[in-house]
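The values are calculated or read from the model by the stated rules, or taken from the named source; none is laboratory data. This structure is a prediction, so every number in the text was calculated from the model and none was measured. Ideal geometry is used to build each Cβ from the backbone, glycine not excepted, and the neighbour counts take in all protein chains shown.
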Amino acid sequence: MKIGKVIQPSSAICTSNEETIIVRGSDLCNDIIGKMSFTEYFYFLLTGEKPNQATLEVVNATLISIAEHGFVPSVQAARMTFAASPEALQGAVAAGLLGCGSVILGASANAGEFFTDIRNLMLKGHSAEQAATEIIKQYRIEMKAIPGYGHPLHKERDPRVTALFKVAENAGSNLEFIAIADAVERVIPEIVGKQLKLNVSAAIPAVLLGAGFPLKALRGIPILARCAGLIAHLYEEQEQPVGFALSYQATREYQYTGTVPENFKS
Ligand code: COA
């Protein structure tokens with residue numbers, strides 16, 4: 001059975017022969033290994049271009065900013081999976097990455113689309129505040145959370161926001177999307193009726209889109225970064241296991257709210 005058009009499979013990322021591996025047109029062993037940092041290589045893999053110094057510093061900082069944040073759900077899921085299946089590090093890492101969506105960990109991609117919608121309106125002559133107000137109102141009508149704003153712990157600005165903005169400013173990167181992110185924060189209270197401050201998932205696209213990072217690859221940042229944090233947690237889990245303790249904590253106050261047969265004793 002055939003699905004879709006018949007086309008020749010192709011990719012511009014890599015080819016190889018017996019002696020040489022070519023990645024994005026460069027010789028991996030002679031031109032890349034030992035000559036590029038991992039962050040530089042990641043950007044090169046993604047876009048086929050070497051990042052300029054400002055972009056490199058910004059991408060590097062975003063990866064560091066979201067690699068680790070304690071016993072968050074991705075870490076708990078990974079450590080519990082590893083406790084149940086200690087032979088499958090890869091499965092535990094995958095379990096930790098599965099929830100990288102619009103609520104926590106993966107909201108950068110949604111915030112990037114949100115900022116891009118605002119910028120598109122600005123290109124039609126709206127001020128940042130006007131454009132932000134219009135798009136936020138649309139989110140409210142659709143009953144969607146404003147991506148990248150609000151945090152359960154960091155009720156004032158998430159400290160990672162200030163740190164990332166400082167990196168972008170010091171690197172001389174384009175600050176256009178930071179200005180949009182700030183404008184959103186200013187207009188939120190009037191429309192939403194709450195002070196919702198920028199969190200790291202807004203700061204990541206705010207600095208990356210200005211630096212030329214592709215919108216469609218934004219979710220890759222938390223996925224790639226959290227992989228590193230999860231590997232650290234799973235390495236520690238081998239020495240200091242807490243996976244089943246986390247599971248116990250979750251069930252300790254568990255209450256069954258369904259029905260039971262008459263003769264069932266709990
Ligand atoms: N947009 C609209 N309303 C929001 C909101 C947002 N981004 N963040 C919080 N609120 C509202 C909630 O609806 C809730 O309103 P209610 O009291 O009328 O029910 C109130 O603010 C408190 O929300 P709550 O979910 O208890 O706050 P929280 O601080 O625990 O939520 C998040 C944290 C991250 C789940 C929430 O802020 C959110 O969904 N943000 C958008 C997604 C995001 O940026 N995720 C990345 C986090 S790093």
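Here are some notes:
Table: residues versus (1) closer than 29 Å to GLY70 by Cα; (2) under 18 Å from the mean Cα position of the chain (by Cα).
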position: ALA128; (1), (2): no, no
position: GLY150; (1), (2): yes, yes
position: PHE165; (1), (2): yes, yes
position: ASN174; (1), (2): no, no
position: PHE177; (1), (2): yes, yes
position: LEU196; (1), (2): yes, no
position: ALA217; (1), (2): yes, yes
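- With respect to the conditions (1) touching a residue at least 12 places away in the same chain (Cβ under 8 Å); (2) closer than 15 Å to VAL187 by Cβ; (3) not polar (S, T, N, Q), MET80 falls short on a single one, namely (2).
- Total residues in the range 143-170, condition under 21 Å from ASP117 (Cβ atoms) and assigned to a loop (DSSP other than H, G, I, E, B): 7
- In the range 96-111, the residues that are under 14 Å from LEU198 (Cα atoms) and modelled with pLDDT of 95 or more reach residues that are assigned to a loop (DSSP other than H, G, I, E, B) and near the ligand (Cβ under 9 Å from one of its atoms) with C-beta atoms within less than 6 angstrom, at least six apart or across chains, in these pairs: ALA107/PRO147; ALA107/GLY148; ASN110/SER102; ASN110/PRO147; ALA111/PRO147; ALA111/GLY148.
- Residues of the range 154-181 satisfying the condition of being at pLDDT below 95 and touching a Gly at 6+ places or on another chain (Cβ under 9 Å): none
- Tally, over the range 171-208, of residues that are touching a residue at least 60 places away in the same chain (Cβ under 8 Å), away from the ligand (no atom under 16 Å from the Cβ) and not in a loop (DSSP other than H, G, I, E, B): 1
- Residues that are polar (S, T, N, Q) and surrounded by 11 or more Cβ atoms within 10 Å (Cβ to Cβ), drawn from the range 16-29: THR20, SER26
- Test: residue in the range 77-92 that is under 30 Å from GLU236 (Cα atoms), modelled with pLDDT under 95 and in contact with a helix residue (DSSP H, G or I) (Cβ under 9 Å, 6 or more places away or on another chain): no
- Options ALA83, ALA132: the member that is farther than 25 Å from VAL72 by Cα and buried (at least 17 other Cβ atoms within 10 Å of the Cβ): ALA132
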